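Data first, discussion second: the structure below is written as structure tokens.
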Amino acid sequence: MRARGIERAFQILEFLRNNEKAVRPIEIAKALQAPTSSIYELIKIMLDMGVLENFHKDGRVFLGRQLHFLGTSYLKHFSLASEAETYLEHLSTMTRETAQLCMLDGHKYTVAMMKEGDRPFRISADIGEKVAIPWTASGRLLLNHLSNEEILAFIAPDDFILPDQSRLPEEQFLKECNQAKAEGFFSFNSISDTFTRCFAAPVFDENRVPVATLCLIAPKEDALKNFDDYKSELISCANKLTQKLNGSH
């Protein structure tokens, strides 16, 4: 079935976002398996609108500044982001660690917002980068409204392959999901970074479906030394953010 223009435009935007670099239109057409002529025509329209921009003499294009303005406007009216900013600032100030708001993006995990900690050794992440759910502490919490069978159906089998190429047993992941759901919290040593430990607590909508997590990323030594304080502060902020989103004060 042929994609309509608006659908194809979003496919182009999503492809460029995932690719994270400027690409020639012919490469976009090949990647999307779309007619070259229609891709060129659509890209010209998107360039004229500022949604895409040229980044090289050979015609390579990437996301345009108009998307930044649209995103800024969205954030002003997106209650989760506007409310979360207060708690990220609080967590970062209280702990001196990096605080994050994390969410699902399709069938992946992503960092949506971040406030870096006030310490010489900065810990940060790429906002918007898609990461396999089983690699993250938040991943144990963001699916806690699903059954075990639904969780396994939701996550691509290859996403259980960890950065070191070992495979995380599905049974272990499900056990950790159930543990995280019962405790309303999860923490473990980072799978992708051997020097840090991750803390995560869920933020719920009015139907008790997790819509995000608040997270702290800390050096292992500090994380273990301050474990109880970090856990308590994180859970408290996540609960308060949940109440704010659902009209309670």
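I'm checking my understanding of the structure. Among residues of segment 119-139 that are basic (Lys, Arg) and modelled with pLDDT under 75, which one is nearest to residue 103 (Cα to Cα)? Once the filter is applied, the top-ranked residue is 122. Screening residue 115 against (1) outside the structural domain of residue 133 (by TED's automatic domain parsing); (2) more than 29 Å from residue 156 (Cβ to Cβ); (3) of a type in the set (Lys, Arg) leaves a single unmet condition, (1). Taking the criterion of being under 30 Å from residue 201 (Cβ atoms), at pLDDT below 90 and either outside any helix (DSSP H, G or I) or aromatic (Phe, Trp, Tyr) (or both), would at least one residue in segment 70-77 satisfy it? Checked against the condition, which is being under 30 Å from residue 201 (Cβ atoms), at pLDDT below 90 and either outside any helix (DSSP H, G or I) or aromatic (Phe, Trp, Tyr) (or both), segment 70-77 yields at least one hit. Scanning segment 1-36 for residues that are under 16 Å from residue 61 (Cα atoms), polar (S, T, N, Q) and loosely packed, with under 13 Cβ neighbours inside 10 Å turns up 18, 36.
Yes or no: segment 174-195 includes at least one residue that is at pLDDT below 95, β-branched (Val, Ile, Thr) and touching a His at 6+ places or on another chain (Cβ under 9 Å). No, segment 174-195 has no match at all. Considering segment 201-235, the residues that are of a type outside the set (Asp, Glu) and loosely packed, with under 14 Cβ neighbours inside 10 Å include one that is farthest from the chain's Cα centre (by Cα), namely 225. The sole residue among 41, 85 that is exposed (fewer than 15 other Cβ atoms within 10 Å of the Cβ), closer than 30 Å to residue 211 by Cβ and among the charged types (D, E, K, R) is 85.
Selection of first residues in segment 219-242 that are over 15 Å from residue 190 (Cβ atoms) and modelled with pLDDT of 95 or more and of second residues that are small (Gly, Ala, Ser) and loosely packed, with under 14 Cβ neighbours inside 10 Å, restricted to Cβ pairs under 7 Å at least 6 apart or on distinct chains, gives an empty result.
The values are calculated or read from the model by the stated rules, or taken from the named source; none is laboratory data. Everything numeric in this text was worked out from a predicted model, so none of it was measured. FYI the Cβ positions are ideal-geometry reconstructions off the backbone, even for glycines, and counts take in every protein chain you see.
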